[in-house]
Amino acid sequence: MFATTVTMEQFLQAMIDTFYMVGFSLLIGSIIGIPLGILLVVTRPGGIIENKFIFSVLNPIINMVRSLPFIILLVAIIPFTRLIVQTSIGTAAAIVPLIIYVAPFIARLVENSILEVDDGIIEAAESMGATPMQTIWYFLLPEALGSLILSLTTATISLLSATAMAGAVGGGGIGDLAISYGYERFDSFIMLVTVIVLIIFVQLMQSVGNWLARKVRREG
């Protein structure tokens with residue numbers, strides 16, 4: 001049971017690939033998704049800069065992308081991935097669909113977090129003569145910060161799961177290791193190890209996210 005053909009070097013490289021995919025995709029996905037989430041809140045009916053056109057365009061697009069399971073999205077945009085990174089296989093190729101997957105997911109999470117802010121905060125900002133940008137930057141975002149941290153934690157964990165699925169098409173990382181060796185070569189030991197490692201990663205991410213959110217809320 002404890003015999004495996006996977007070397008320690010291969011395992012460490014798979015972990016590095018996983019961290020690279022999650023980190024880079026989360027960074028770019030957040031840069032895209034956070035502004036989109038804010039835009040959904042402020043342009044929605046009754047928002048501080050209500051704009052029916054922008055909201056009616058963004059809302060269905062985000063719903064459409066989010067409705068696709070990641071494994072289908074991964075395969076469906078292979079031509080686009082090849083256009084961007086000149087390949088459809090490997091870690092770099094997996095990052096493109098990961099970003100497309102996580103950006104609208106983050107947008108929805110950010111939208112929900114900001115919508116949780118009490119309407120009285122907005123009324124207070126308006127009574128002080130704050131501009132829409134000032135209301136967003138100095139009132140909404142600080143008030144929603146704890147919830148936003150938990151939302152990004154959820155997005156990070158979802159990305160980790162998606163990177164494992166990316167292994168099904170040679171995306172690299174721990175998922176690729178589990179499929180190429182654990183499943184296809186019947187290596188029970190490496191399959192068990194990858195499952196344990198993924199569980200530990202998720203527990204650590206959630207614990208760090210919960211701690212940061214509590215810290216922010218106490219200081220707020």
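The values are calculated or read from the model by the stated rules, or taken from the named source; none is laboratory data. Note that the structure is predicted; figures quoted are calculated from it, not measured. Quick reminder, even Gly has a Cβ in these numbers, built from the backbone with ideal geometry, and neighbours come from all protein chains shown. Side chains are part of the model used for accessible areas, which takes the heavy atoms of the whole protein and leaves out ligands, DNA and RNA. Shrake-Rupley method; radii C 1.70, N 1.55, O 1.52, S 1.80 Å.
Worth pointing out:
- Seen through its C-alpha gyration tensor, with square-root eigenvalues sorted a ≥ b ≥ c, segment 44-93 comes out prolate because a/c lies at 1.5 or above while a/b is bigger than b/c.
- Between residue 161 and residue 118, the C-beta separation translates, for a Förster distance of 35 Å, into a calculated FRET efficiency of about 0.60.
- Computed lengthening from residue 16 to residue 83, 0.36 nm per intervening residue step minus Cα-Cα distance: 21.6 nm
- Gyration tensor verdict on segment 1-70 (Cα atoms; rounded if a/c is under 1.5, prolate if a/b is larger than b/c, oblate otherwise): prolate
- Kyte-Doolittle mean at least 1.6 and Cα axial length at least 18 Å: DSSP H helices in the chain: 91-115
- Using a cutoff of 8 angstrom between alpha carbon atoms and counting only pairs six or more residues apart, the relative contact order for the chain works out to 28 percent.
- Radius 14 Å from Cβ of residue 111, net charge of other residues (Lys, Arg +1; Asp, Glu -1): +2
- Rg [Å, one decimal], Dmax [Å, integer] - the chain, C-alpha atoms: 20.2, 69
- Solvent exposure of segment 33-98 amounts to 53 Å² per residue of accessible area, where only protein heavy atoms count and the probe is 1.4 Å.
- Among 199-205, 30-36, sorting by the average number of other beta carbon atoms lying within 10 angstrom of each residue, highest first, gives 30-36, 199-205.
- Judged by the gyration tensor of its Cα atoms, with axes a ≥ b ≥ c, segment 153-195 is oblate; a/c meets the 1.5 cut and b/c is at least as large as a/b.
- Only Lys, Arg (+1) and Asp, Glu (-1) charged, at Cβ; segment 89-185 dipole about Cα centre in debye: 580 debye
- Nitroxide proxy distance, nm - points 7 Å out along Cα→Cβ at residue 184 and residue 24: 2.2 nm
- A simple count of charges around residue 48, restricted to other residues whose Cβ falls under 12 Å of its Cβ and scoring Lys, Arg +1 and Asp, Glu -1, yields -3.
- Dipole of the chain [Lys/Arg +1, Asp/Glu -1 at C-beta], most positive-end residue of 100, 190, 19: 190
- Test item: Cα-centred dipole of segment 36-117, Lys/Arg +1 and Asp/Glu -1 on Cβ, debye: 180 debye
- Per residue, the convex hull spanned by the Cα atoms of segment 113-220 amounts to 103 cubic angstrom.
- Among 150-160, 93-103, sorting by the average number of other beta carbon atoms lying within 10 angstrom of each residue, highest first, gives 93-103, 150-160.
- Taking the accessible area of the chain, probe 1.4 Å, and keeping the other protein chains in place, the carbon and sulfur fraction comes to 68%.
- The modelled label-to-label distance between residue 51 and residue 215, using points 7 Å beyond Cα along the C-beta direction, is 3.6 nm.
- Since only 130, 142, 174 are under comparison, the one whose Cα sits farthest along the positive direction of the charge dipole of segment 60-195, derived from C-beta charges on Lys, Arg, Asp and Glu, is 174.
- Within the chain: Cβ-based charge dipole about Cα centre, in debye rounded to nearest 20 (Lys, Arg +1; Asp, Glu -1): 200 debye
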